[in-house]
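Working notes, beginning with the structure itself.
No value in this document is a laboratory result; all are computed from the given coordinates. Source: prediction; values computed, not measured. Cβ sites come from the backbone with ideal geometry, for glycine too, and all protein chains shown count toward neighbours.
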Amino acid sequence: MLTWPGFDPVAIRLGPLAIHWYGLMYVLGFTIVWHLVRRQLQESGDWGTRITHEQYEGLFTWLILGVVLGGRLAYVLFYNLPYYAHHPLEVFYIWRGGMSFHGGLLGPILAGWWYCRRHGLPFLDLADRFFIVAPIGLALGRLGNFINGELWGRVTEVPWGMVFPQAGPEPRHPSQLYELGLEGIALFALMWTTRRRDWPTGARIGVFLIGYALARIFCEQFRQPDPQLGFLFAGVTMGMLLSTVMLLAGALLLWHVFRRRRETAP
């Protein structure tokens, strides 16, 4: 049995200002993604031709807004609506936590589509490049969850079971680390290998959706359900349900883009 290291969730204190590790993970994730997507655009010759530096900066700003707003609104709607219906002002208290990955995915997709359409940019082609490196942000986010000692797993007897003080004296699966490894590191390794493949535009989005959904559904077997929701039915959690929708969407997208390639092939 292991004990959670007892990290201080605050990384830096400057008088009354406290900078949390979780927030720093977001900043680091956005920074790495920004550089790796630009690297892909430079390698393909699209940097400065199909998209300018100014357009890229504008797109990235809207993507960040989409992540934050989408992640927060989805958490409010799917995970804790009764509470926020009685405390509507707290919807804006983002610093208290409460973000949904699935909303953090849908938000930037919609924001990116709107921006690309407005500026005449190739949405699916750019989305492919962002989805290739998106798992890095997921890995850092799960690391932030672990540092905060939140989103722990279910009670277990495995040797690496960990006691999280806020969850009681029983050892639990360190499910944040499972998700870091599968949704983050493993999925990034898979996605990065696809960047030079001659696949139809949009295929990498489908691979990401399927890969993340499978990893999340697996990890949900070990993660403690949100206390305000519990199991929806027959051992199914909200994370499993939303990921199943994501899995089907990814499979449908892959089927569509490869069928379209076959139909248009000479």
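Amide H neighbours of ARG223 under 5 Å, counting only residues 5+ apart in sequence or on other chains, H built in-plane at 1.01 Å?
Correct list: ARG154.
How far, in degrees from 0 to 90, does helix 101-119 lean away from the longest principal axis of the Cα atoms of the chain, to the nearest 10?
Roughly 30 degrees between the two axes.
Would you pull out the residues with amide H under 5 Å of ILE51's amide H, same chain only if 5 or more places away, H placed 1.01 Å from N?
Those lying under 5 Å, H to H, from ILE51: there are none.
Kirkwood-based Rg over Rh for the chain (C-alpha set), two decimals? Walk me through the numbers on the way to the answer.
Values: Rg = 19.5 Å, Rh = 19.8 Å.
Radius of gyration over Kirkwood radius for the chain works out to 0.99.
Using 1/(1 + (r/R0)^6) with R0 = 41 angstrom and r between the beta carbons of ARG262 and LEU229, what's the FRET efficiency to the nearest 0.05? Numbers along the way, then the final one.
Details: r = 42 Å, r/R0 = 1.04.
E(calc), rounded to 0.05, equals 0.45.
On a full-extension model of 0.36 nm per residue, what is the gain between THR244 and GLU54, subtracting their alpha-carbon distance, rounded to one decimal in nm? Write out the running numbers ahead of the final one.
On the way: separation 190, 0.36 × 190 = 68.40 nm, distance 3.70 nm.
Result for the pair: 64.7 nm of gain on full extension.
Report the relative contact order of the chain, percent, no decimals, based on alpha-carbon pairs under 8 angstrom and at least 6 residues apart. Intermediate values should be presented prior to the final figure.
Details: 365 pairs, mean separation 54.0, N = 266.
RCO, the chain: 20 percent.
Report, in whole Å, the centroid distance computed from the Cα atoms of region 197-218 and region 20-51.
19 Å
In degrees between 0 and 90, to the nearest 10, how far off the longest principal axis of the chain does helix 21-44 point, with axes built from Cα atoms?
So the helix axis and the longest Cα principal axis differ by about 20 degrees.
Over region 167-264, calculate the relative contact order: mean separation of alpha carbon pairs under 8 Å at least 6 apart, over the residue count, as a percent. List each step's numbers first, then the result.
Working: 76 pairs, mean separation 34.5, N = 98.
35 percent.
Give me the distance between the Cα centres of region 224-266 and region 83-147, rounded to whole Å.
Cα centroid to Cα centroid, the span is 17 Å.
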